[in-house]
Amino acid sequence: MTGGSVTQQILGEHLVEGELIAGTEIAIRIDHTLTQDATGTLAYLQFEALGLDHVRNELALSYVDHNMLQTGFENADDHRFLQSAAAKFGVQYSRPGNGICHQVHLERFAVPGKTLLGSDSHTPTAGGMGMLAIGAGGLDVTMAMAGEPFTMTMPEIVAVRLIGGLGQWVSAKDIILELLRLEGVRGGRGRVFEYIGLGVEALSVPQRATITNMGAELGATTSIFPSDSQTLRYLKAQGRERSWRAIAAGTDAAYDAEIVIDLDALGPLVAGPHSPDNVVPVEQVAGTLVEQVAIGSCTNSSYHDLAIAARILDGRTVHPNVSLVITPGSRQAFLMAEREGIIETFLRAGARILESACGPCIGMGQAPASSSASLRSFNRNFEGRSGTPDARVYLASPEVCATSALIGRISDPRELAIPYPVIPLIPAKYLIDDTQVIANPPNPATEIVRGPNIAPLPIFDALPDRLSGPLLLKLGDDVSTDAIMPAGAKVLPLRSNIPALAAFAFARVDPTFAERAKKQPGSFIVAGSNYGQGSSREHAAIVLRYLGVRVVIAKSFARIHAANLVNFGILPLTFTDQVDYDHLASGDLLDMREVAAQLDAGGPVRLTNAVGKVLELRHELSARQRQILRVGGLLNHARQGVLAVV
Ligand code: MIC
Ligand code: SF4
């Protein structure tokens with residue numbers, strides 16, 4: 001068969017501009033969009049600001065799954081805002097309680113061969129279905145809903161060849177943890193991971209989705225599996241076989257690199273604090289006391305994940321010092337678990353069952369006890385993300401989590417004195433009930449309902465020709481967006497109120513930051529490699545811009561965050577010579593002249609530091625991005641008549 005890799009085939013079918021040459025700018029047509037509530041409010045405020053009366057892409061979904069703890073009016077107001085915006089613009093609305101966006105999209109909407117752009121970094125989950133699914137900032141998703149193509153740098157395509165088969169007690173989570181061990185959190189920058197080889201065939205769609213989901217932690221543009229008989233089986237079980245088409249890499253498929261993982265040789269793995277790539281075999285951390293175990297999140301909360309955990313817990317009770325919390329990934333998984341006695345098993349074992357939502361994964365409740373260890377089947381363990389600054393969070397498969405909950409220490413499930421539970425990877429038929437998704441034909445007459453916490457979008461000015469100001473903060477490598485703009489139960493309710501949210505920028509890194517920034521507009525930030533890794537939250541760019549930050553200089557940037565900086569008019573620059581990082585210190589006054597001309601010239605961008613030394617920096621901005629920056633951001637750019645479809 002010819003046709004190139006799966007990635008190339010789907011990109012080729014959706015290509016609007018450019019060529020599929022790695023490192024060059026391409027634009028692709030987007031079929032599906034998804035937003036979640038924590039990024040969705042801004043996305044729909046921005047859509048409203050474009051002045052369009054309905055979404056233009058094939059299928060737009062608005063999920064509510066993050067901001068679910070209603071300790072004040074803010075989150076409920078946001079839900080009401082989202083529901084009314086969805087009704088007005090013709091967006092389907094998945095109600096709170098219906099499940100985590102990625103899990104529900106996989107179950108009920110994902111289609112092999114189509115493209116999906118989502119305002120959440122784990123959007124590539126749908127790659128488990130052979131869909132080309134990419135995470136992006138909310139404004140990029142807004143533009144896709146406006147029918148605009150999505151512009152990105154064509155990634156390299158890396159083949160991940162799976163050979164052999166998973167042994168007992170070894171799970172899909174261990175495959176992606178192994179890749180994180182091999183490649184690290186920067187290993188996926190500018191790359192797509194495409195899974196090939198005989199080891200792929202035995203993996204079910206939910207297993208594949210665990211792998212593509214956590215590909216986000218590699219910093220990858222996306223991850224994808226072929227669409228094959230497993231995909232058909234899954235779609236049939238979801239009553240959606242009509243959405244199936246076969247997509248396989250052609251015999252001529254050429255990849256930029258290949259990584260081989262021998263599944264026979266894999267054992268259970270654990271990522272230790274505070275990074276998803278801090279991966280070791282379970283034996284190395286076995287014995288670590290855990291006070292909390294959490295099974296859930298968009299990585300590992302499928303029906304099968306719940307079923308296997310229940311079989312391990314069946315007839316036993318969790319260790320008295322362990323709080324076991326379970327968040328089923330979707331209402332479908334929850335209902336099936338309830339119907340089949342899985343929920344009863346959990347309850348009898350002493351588990352605490354939460355609603356179908358992100359919950360503890362984003363610090364929306366269930367913050368662990370001070371300086372304790374929490375073991376989670378989730379995808380991220382950045383410092384402080386759990387809501388407890390000194391908690392140590394470990395990541396592992398549902399099998400390791402359930403076993404450890406019984407023993408009270410991180411434990412190897414292979415040492416359990418029970419036979420390996422054999423459970424079909426997917427049921428013959430899933431329980432189908434789409435009543436909690438409101439299909440909205442566009443109704444421009446609908447009034448959008450706004451609560452008092454929904455603030456107007458800030459208005460940003462154009463890029464001045466001289467940028468001079470203080471270096472406010474100098475940071476190290478791998479700074480996550482959780483460090484830039486924390487989430488959690490206290491801060492997330494402010495997501496639709498940028499002035500209030502801005503007070504928390506870098507709060508865990510430097511509590512004086514927001515106040516200092518406000519007083520010194522035109523400021524700079526300096527960071528090491530992979531600045532802005534992790535989430536897609538554009539708030540991590542908007543609040544900085546709101547506080548007057550104009551330039552971020554880093555050794556390198558994470559893809560989504562770099563795009564978000566441009567979208568909100570912050571200039572991302574990199575060091576030509578990495579030692580120049582050492583020539584900059586917090587408090588330095590920096591000066592950059594003739595900014596637009598320097599950017600357009602394409603050569604080094606010169607900046608003078610505190611002692612008059614000229615540093616040569618670089619940018620990787622396309623002509624389109626320079627134009628966006630010049631006018632102060634993508635929203636200004638779109639409103640100035642560049643939007644093709646209006
Ligand atoms: C996350 O896992 O960090 C989030 C919360 O889902 C984010 C989105 C957000 O910050 O709202 C993500 O992954 O993009
Ligand atoms: Fe939600 Fe956590 Fe998944 Fe983010 S990683 S979408 S917070 S479950």
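The values are calculated or read from the model by the stated rules, or taken from the named source; none is laboratory data. Given the structure is predicted, the values throughout are model-derived calculations rather than measurements. Every residue, glycine as well, gets a Cβ built from its backbone with ideal geometry; the counts of neighbours run over all protein chains shown. Protein only, heavy atoms only, side chains kept; ligands, DNA and RNA dropped before computing areas. Shrake-Rupley method; radii C 1.70, N 1.55, O 1.52, S 1.80 Å.
Structure above, values below:
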quantity: Modelled FRET efficiency - R0 35 Å, Glu58 with Val422, Cβ distances, 0.05 increments; calculated: 0.30
quantity: FRET efficiency for Lys429 and Ile163, using Cβ-Cβ distance with R0 set to 25 Å, rounded to 0.05; calculated: 0.20
quantity: Over region 159-281, equivalent-ellipsoid semi-axes from the Cα gyration tensor in Å; calculated: 24, 17, 14
quantity: Under the Debye formula (equal points on every Cα, no solvent term), log10 I(q)/I(0) of region 536-581 at q = 0.26 Å⁻¹; calculated: -0.89
quantity: Cα→Cβ-extended label distance, 7 Å offset, between Arg593 and Arg316, nm; calculated: 7.1 nm
quantity: Two-site label geometry, Ala462 and Ala27: point separation in nm, points 7 Å out along Cα→Cβ; calculated: 2.2 nm
quantity: Filtered trypsin sites (Lys or Arg not before Pro), region 530-612: DSSP coil and at most 14 other beta carbons within 10 Å; calculated: Arg593
quantity: Size of charge dipole - the chain - debye, nearest 20, with Cβ of Lys, Arg +1 and Asp, Glu -1, no other charges; calculated: 1000 debye
quantity: Potential extension, Glu355-Thr512 segment - 0.36 nm per residue separation minus Cα distance; calculated: 52.9 nm
quantity: P(r), alpha carbons of region 486-574 - 5 Å bins starting at zero, rounded %; calculated: 3, 15, 26, 29, 20, 7, 1
quantity: Distant-in-sequence amide H partners of Leu324 (H built 1.01 Å from N, under 5 Å); calculated: Val293, Arg352
quantity: Reciprocal mean inverse distance between Cα atoms of the chain - Kirkwood radius, Å; calculated: 24.7 Å
quantity: Computed log₁₀ I(q)/I(0) - Debye formula, equal Cα scatterers, no solvent, region 417-546, q 0.20 Å⁻¹; calculated: -1.21
quantity: More than 16 angstrom apart: percent of Cα pairs within region 255-312; calculated: 66 percent
quantity: By average C-beta atoms within 10 angstrom, highest first, the peptides 575-582, 479-486, 3-10; calculated: 479-486, 3-10, 575-582
quantity: Built amide H within the under 5 Å cut-off of Phe378, gap 5+; calculated: Ala396
quantity: Whole-angstrom Cα spans of region 332-415 along principal axes, big to small; calculated: 38, 32, 20
quantity: Estimated D of region 519-638 in µm² per second, where Rh is the Kirkwood radius over Cα pairs and Stokes-Einstein applies at 10 °C, 1.306 mPa s; calculated: 110 µm²/s
quantity: His14, His319, ranked by accessible area, largest first (probe 1.4 Å); calculated: His319, His14
quantity: For region 140-229, Kirkwood radius (reciprocal of mean inverse C-alpha pair distance, Å); calculated: 14.1 Å
quantity: Two-decimal Rg/Rh across region 60-172, once Rg and the Kirkwood Rh are taken from alpha-carbon atoms; calculated: 1.04
quantity: Percent carbon-and-sulfur accessible area, the chain, ignoring ligands, DNA and RNA, probe 1.4 Å; calculated: 51 percent
quantity: FRET efficiency, Leu198 to Thr576 (Cβ-Cβ, R0 56 Å, nearest 0.05); calculated: 0.80
quantity: Beta bridges by DSSP in the chain, antiparallel share as percent, to the nearest 5; calculated: 30 percent
quantity: Stokes-Einstein translational diffusion, region 52-109 - Kirkwood Rh over all Cα pairs, 1.567 mPa s, 4 °C, in µm²/s; calculated: 107 µm²/s
quantity: Spin-label zone in region 426-465 - amide nitrogen under 16 Å from a point set 7 Å from the Cα of Arg339 along the C-beta vector; calculated: 426-436
quantity: Residue-by-residue Karplus 3J(HN,Hα) for region 122-129, coefficients 6.51, -1.76, 1.60, Hz, glycine and proline x; calculated: 8, 3, x, 3, 5, x, x, 9
quantity: Region 489-533: projected area of the alpha-carbon convex hull, averaged over directions, in nm²; calculated: 4.1 nm²
quantity: Whole-number D in µm² s⁻¹ for region 1-127, Kirkwood Cα-pair radius fed into Stokes-Einstein, 25 °C, 0.890 mPa s; calculated: 154 µm²/s
quantity: Total charge dipole magnitude, region 536-646, about the Cα centre, Cβ charges on Lys, Arg, Asp, Glu only, Debye to nearest 20; calculated: 440 debye
quantity: Region 385-488: mean projected area of Cα convex hull, nm²; calculated: 16.3 nm²
